[in-house]
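Here's the structure, in structure tokens; my notes come after.
The values are calculated or read from the model by the stated rules, or taken from the named source; none is laboratory data. From a predicted model like this one, the values you see are computed outputs, not experimental measurements. Here Cβ is always computed from backbone atoms with ideal geometry, including for glycine, and neighbour counts include all displayed protein chains. Heads up: the accessible areas ignore ligands, DNA and RNA and are worked out on the full protein's heavy atoms, side chains in. Shrake-Rupley method; radii C 1.70, N 1.55, O 1.52, S 1.80 Å.
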Amino acid sequence: MAESPNKNGGKPRSGDKITLVVDDTRFSNIEVDAIRAHPNTMLGRMFTSTLETNFTRPNERGEYEVADGISANCFRAILEYYKSGTVRCPPSVSVQELREACDYLLIPFDAATVKCQNLRGLLHELSNEGAREQFGEFLEDLILPILVGSAHRGDREAHIVVLMEDDVVDWDDEYPPPMGEECSQVIYSTQMYRFFKYIENRDVAKQVLKERGLKKIRLGIEGYPTHKEKIKKRPGGRPEVIYNYVQRPFLHMSWEKEEARSRHVDFQCVKISKSITNLAAAAADTPIDPHIADQLDQGNVVHPQPVGRNDQPGPPEAEPEGQAPP
């Protein structure tokens, strides 16, 4: 069937062929029925006949401008999905670009759909998707209960160390190890420990935490004390405890809204008089010079210069009555 121009703004009929414009490139003779066969994709939703409102309208030439921001080469590869059910990544398109285009057009991005010569790039994108799903489970099942417990205690941040399930922590009650984080807590999960071994997984986890609204996010590997090895006596009798440390992943995050204000203390500047020792009385004394007050409001510290006897002296003091000058 010949291509239908469809300039009246109506929806294409079954059997029609349409023209799509992507990146100033025209893709002609596209069967609308092939697009409608995948109603869960963006193009399938745009041209499906079940929508009550027609938000897909052609231009003055009867063409449909779609997929803004996607390159023509990438869109040409994605069109193959509506013919064969697979997408072959061309050499001129990176796997990441293809992945972003598939996400935008709601095309499934998996090993059954995407065929790529660059296996490393394909597996990297698949690992990123798997890491998001896996960390989402860790967040809901293991991390969130700890954050809620910290919030119930009034804390607004948490430092979590991930230990393996067979790690044994045996601290000496008399000589506990020095800990850098006061709010450090522990999760025993060998699966999460293995997950955080990879830098890419930590990057994905950090992005997920940012999307969930948390701040001051730090993820890495640090030493965690497990048991006491020995005690050394320092000069003067002070003992030095040596602990065994293992390298384990950690997460640090905060949900404090106004951390800058909570660490700021405002001080009120009052005029000090030599004859008044009470600060309340000094504050209620005569107002200071308006010019100095403006500088104080602007945060400038004013240091009055003392005037000595050799500087510009004021008028001579009056002599007491009844006494002759020396």
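Assorted remarks:
Okay, residues lined up against (1) surrounded by 14 or more Cβ atoms within 10 Å (Cβ to Cβ); (2) at pLDDT 90 or above:
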{"site": "V32", "(1), (2)": "yes, yes"}
{"site": "R36", "(1), (2)": "yes, yes"}
{"site": "F47", "(1), (2)": "yes, no"}
{"site": "L51", "(1), (2)": "no, no"}
{"site": "F55", "(1), (2)": "no, no"}
{"site": "P58", "(1), (2)": "yes, no"}
{"site": "Q96", "(1), (2)": "no, yes"}
{"site": "E125", "(1), (2)": "yes, yes"}
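- Which numbered condition A131 fails, given (1) of a type in the set (G, A, S); (2) closer than 30 Å to R194 by Cα; (3) surrounded by fewer than 16 Cβ atoms within 10 Å (Cβ to Cβ): (3)
- The sole residue among L163, L79 that is more than 24 Å from the chain's Cα centre (by Cα), touching a residue at least 24 places away in the same chain (Cβ under 8 Å) and within 30 Å of E229 (Cβ to Cβ) is L163.
- Pairs, first under 22 Å from C89 (Cα atoms) in segment 114-138, second assigned to a loop (DSSP other than H, G, I, E, B) and open to solvent by less than 30 Å² (accessible area, probe 1.4 Å), C-beta under 6 Å, six or more apart: C116/C89; L122/C116
- Flag if A111 is in contact with a helix residue (DSSP H, G or I) (Cβ under 9 Å, 6 or more places away or on another chain), farther than 19 Å from R202 by Cβ and surrounded by 18 or more Cβ atoms within 10 Å (Cβ to Cβ): no
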